[in-house]
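To start, the structure itself, in structure tokens.
The values are calculated or read from the model by the stated rules, or taken from the named source; none is laboratory data. Keep in mind that this is a model prediction, so the values were computed, not measured. Glycine gets a Cβ as well: all are built from the backbone with ideal geometry, and neighbour counts include every protein chain shown. Remember, those area values only see protein heavy atoms, side chains included, never the ligands or the DNA or RNA. Shrake-Rupley method; radii C 1.70, N 1.55, O 1.52, S 1.80 Å.
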Amino acid sequence: MKEGNAMETRDLIRWLLKEGGPVIRYRSMCELEGSRTLSGDEAQLDTLLWTEKTRWLLEQMDLFGPITHVDNRVFNSLHGMKPTCLENVIPRLLERGLRAGITSFDEKMERFRQYVDNPLVHRALEKPESASVEEGRALFIATVMASYFLRGGYEYDEIIQFVMHRMELLSRLAAEKNYDIHMSDAELVRLPKKWAGKPIIRPEMVPSSGTKPLPLIHDLFAFAYLPAVFLKNQNRHQLEDIVAYVTDERYRAFPPGYGYIWPESNRRVCYACGWNLDLPYLGSENPYQQRKIVQYMELLAHFPAARKSPWFQKRMQILETYQTERGTYCFPSPYLVEKKAGYYVGGAYMGLEDNRRNPKTLELESTFRMLLIKKQIA
């Protein structure tokens with residue numbers, strides 16, 4: 001616990017600006033200091049953009065063209081554990097502080113508007129009950145990309161319309177407080193034997209093609225960064241219902257990814273689903289569970305209803321126990337990892353400092369993350 005002469009918030013920000021690497025310095029200046037514009041100081045931005053990792057990630061964005069179809073090859077290039085998958089490339093750039101107003105990033109993000117606004121997505125939204133596997137995949141990609149656009153501060157009309165449409169759809173199930181999401185044995189008589197015993201999601205609740213879909217964690221990221229100006233009273237109630245649904249103990253009993261999808265358009269196949277808000281259990285020593293804690297705390301801190309949940313309040317108390325005597329924070333190392341491969345939403349890329357061997361790295365990253373969470377709460 002901190003002593004009486006420990007650093008206060010303003011002192012901690014100065015310490016981050018002095019001791020941090022390019023990412024922490026830039027993000028602290030833009031997101032914590034409060035005296036600068038979001039574009040930040042040009043010299044600090046130039047330093048950030050010229051780091052090896054930033055340049056490599058920006059280069060990866062150039063490898064993706066427009067979506068005309070979503071077969072296995074296309075889908076696996078966008079979604080997966082590889083660090084080169086678009087699903088992992090863009091959020092890592094967002095973690096490094098890139099956002100709207102940075103010209104080199106703006107130019108690359110512009111081309112991905114089509115990933116949200118295309119015929120495959122339109123058909124999946126208009127007739128979800130008859131969406132093909134390809135259209136469901138396109139809708140999943142659109143949900144992922146929409147979250148990145150809003151998190152980056154891009155308020156394109158088609159992105160806002162898509163996110164608001166998703167909010168309305170997700171609120172249907174949430175308002176009903178229906179946690180019976182899996183098909184019964186009687187409904188699964190035609191299920192191929194090799195998939196027997198698997199939890200099969202009810203068709204109307206499939207996240208990417210249901211008429212009352214379950215929320216993806218990417219939906220929550222989009223809602224977290226949706227500017228309040230777009231929320232009317234009805235939308236606020238919808239969002240409150242969705243947040244209450246995913247923080248309920250009954251939701252936490254769902255299997256990872258909700259289970260499996262058995263598409264009506266092709267009864268010969270069965271697909272693993274994902275991604276739900278799989279909140280880590282208290283005291284878990286599973287590294288995969290541990291590395292999601294801080295990421296999910298940052299996400300849920302955006303929602304007043306989530307901040308009141310027992311899960312959030314207890315985790316906040318635990319994070320406070322990692323405050324050092326001088327007022328900084330130093331979380332256990334599994335909380336903030338930078339893996340060579342993995343899913344971003346699985347906490348695989350939480351590193352902000354490029355020098356992972358610096359003994360101060362964990363303290364710098366923990367302090368920045370904690371101040372960010374506290375700022376959002378305030």
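Some points to look at:
- Options PRO207, THR9, HIS237, ranked by Cα towards positive dipole end of the chain, top entry (Cβ charges): PRO207
- Database remark: amide H of HIS182 closer than 5 angstrom to the amide H of ARG202 (H placed geometrically; neighbours at sequence offset of 5 or more, or on other chains; Pro and chain starts carry no H).
- With contributions of -39500 (n - 2.57) from each DSSP H run of at least four residues, the per-residue ellipticity at 222 nm computed over the chain stands at -13500 deg cm²/dmol.
- Think of each Lys and Arg Cβ as +1 and each Asp and Glu Cβ as -1; about the Cα centre, that makes the dipole of segment 128-242 roughly 380 debye.
- For the chain, the longest site-free run once GluC sites (Glu not before Pro) in DSSP loop states with at most 10 other Cβ atoms within 10 Å are removed: 9-284
- Relative intensity of segment 150-204 on a log10 scale, I(q)/I(0) at q = 0.16 Å⁻¹, equals -0.69, per a Debye sum over C-alpha point scatterers of equal strength in the absence of solvent.
- Projecting the Cα atoms of GLN161, ALA146, ALA174 onto the charge dipole of segment 131-175 (Cβ charges, centred on the Cα centre) puts ALA174 farthest toward the positive pole.
- Averaging the sequence gap over all C-alpha pairs within less than 8 Å and six or more residues apart, then dividing by the number of residues, gives the chain a relative contact order of 20 percent.
- For segment 65-278, the solvent-accessible area works out to 43 Å² per residue, with a probe of 1.4 Å and every protein chain left in place.
- Long-range HN-HN contacts of TYR329 with modeled amide H, under 5 Å: THR324, THR367
- Over the C-alpha atoms of segment 65-278, the Rg to Rh ratio, Rh being the Kirkwood estimate, stands at 0.96.
- For segment 221-261, the fraction of 1.4 Å probe accessible surface lying on carbon and sulfur atoms is 54 percent.
- Note on the chain: with a GNM built from Cα contacts shorter than 10 Å, the maximum mean-square fluctuation among ALA348, ALA228, ALA131 falls on ALA228.
- For segment 136-149, 3J(HN,Hα) per residue [Karplus equation, 6.51 cos²θ - 1.76 cosθ + 1.60, θ = phi - 60°, Hz, x = Gly/Pro]: x, 5, 5, 5, 4, 4, 4, 5, 4, 5, 4, 5, 5, 4
- Neighbour cut-off at most 11 other Cβ (10 Å), DSSP loop, trypsin sites (Lys or Arg not before Pro), segment 221-310: LYS232, ARG267, ARG268
- For the chain, the Kirkwood hydrodynamic radius comes to 21.7 Å, computed from all pairs of different C-alpha atoms.
- For segment 259-269, Karplus couplings with θ = phi - 60° (6.51, -1.76, 1.60), whole Hz, Gly/Pro x: x, 10, 9, 10, x, 5, 6, 8, 6, 8, 10
- Integer Hz, Karplus 6.51/-1.76/1.60 couplings in order for segment 119-133, x for Gly and Pro: x, 4, 5, 4, 5, 5, 6, 6, 9, x, 5, 10, 5, 6, 4
- Taking a straight line from the alpha carbon of LYS212, these lysines sit under 23 Å away, with near neighbours fewer than eight places off in the same chain left out: LYS127, LYS177, LYS198, LYS232.
- Cross-link partners of LYS53 among lysines (Cα-Cα below 17 Å; sequence separation of 8 or more within a chain): LYS82, LYS108, LYS339, LYS340
- Tilt relative to the chain, helix 361-377 - C-alpha long axis, 0 to 90 degrees, to 10: 70
- Label-to-label distance, nm, for residues given as ARG252 and GLN114 (7 Å Cα→Cβ offset): 4.4
- Leading residue at positive end of dipole, segment 302-360 (Cβ point charges), from GLY347, ASN358, GLY327: GLY347
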